C-alpha cells in the first residue's frame, strides 16, 4: 500500500504518512496504454467509491468488449507519456480535470491513418504507469476525445513529433484497476 490513513489523534501533527511506493521507487511517466472505442465496451470493472469502508478506490473484474473490437496499443520510452489530474472548483462543487498526453516521434503514414481513425470517436484509456499501477480513464457513457498536434520543427536538430492528447472532466478521480504489475493488461480485456 502506498499510504496509510490514521486517526488524527494517533499521528504527531500529521494526517498521513506516505512511503516511496512500488519497490521503494516513485517513478514518473507511463509504460503502456490501451485505447478502446467507448461504445465497443460492454462492461467495465466494478468500481467502489466507498472510501470510508475500504480506504481505496479500485475497480475489480475484467473489461468486456464486443467481439472483434479494435484496440490501439502504445508502449512508451521514458519521458514520452504522462497523466495529469487536477481538482477544480465551481459553485456546484469539486470536479476532476483529467488529461493524458503522449509524444509520438516522427511523422509517418501509419500515424496519419491513426489520426484520421481516432478523430471521430470517443475512447476509454487504460494505462499502466512506471510504478506498476493501472488506471482506467473514461467510462461507457463518457469516453474521451482524442486530439493530435504535429510539429516537424524548423531546425535540423529539432524533434519531429506528434502529441496525442485526451481530456475529460469527471465527478470522480480516475479509477485504479486491480491488476498485478506483472500481469499483462490484455489478459484482463475479454470478448
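Laid out as a table, the results:
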item: Residue ranges of strands (runs of 3 or more DSSP E) in segment 115-182 with at least 1 members at pLDDT 90 or above and more than 30 Å from residue 26 (Cβ to Cβ); result: 145-151
item: Segment 116-140, subset touching a helix residue (DSSP H, G or I) at 6+ places or on another chain (Cβ under 8 Å) and over 13 Å from residue 175 (Cα atoms), residue surrounded by the fewest Cβ atoms within 10 Å (Cβ to Cβ); result: 140
item: Pair list, Cβ < 7 Å and 6+ apart or interchain, from segment 91-103 residues that are at positive phi to residues that are surrounded by 15 or more Cβ atoms within 10 Å (Cβ to Cβ); result: none
item: Condition check for residue 77: without any contact (Cβ under 8 Å) to a residue 60 or more places away in the chain, more than 18 Å from the chain's Cα centre (by Cα), exposed (fewer than 12 other Cβ atoms within 10 Å of the Cβ) and farther than 20 Å from residue 57 by Cβ; result: no
item: Criterion (within 14 Å of the chain's Cα centre (by Cα) and at pLDDT 90 or above) met by exactly one of 37, 85; result: 85
item: Qualifying residue in segment 49-64 (condition: at pLDDT 90 or above and part of a strand (DSSP E or B)); result: yes
item: Residue count, segment 115-137 (criterion: closer than 20 Å to residue 82 by Cα and in contact with a strand residue (DSSP E or B) (Cβ under 8 Å, 6 or more places away or on another chain)); result: 16
item: Residues located in segment 148-174, provided they are closer than 18 Å to residue 76 by Cβ and touching a strand residue (DSSP E or B) at 6+ places or on another chain (Cβ under 6 Å); result: 148, 149, 161, 162, 163, 164, 165, 166, 174
item: Failed item, numbered, when residue 153 is tested on (1) closer than 21 Å to residue 71 by Cα; (2) free of Cβ contacts under 8 Å to residues at least 60 places away in the same chain; (3) loosely packed, with under 11 Cβ neighbours inside 10 Å; result: (1)
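The values are calculated or read from the model by the stated rules, or taken from the named source; none is laboratory data. Keep in mind that what you see is a predicted model, and the values were worked out from it rather than measured. Using ideal geometry, Cβ is built from the backbone for each residue, glycine included, and neighbour counts are taken over all protein chains shown.
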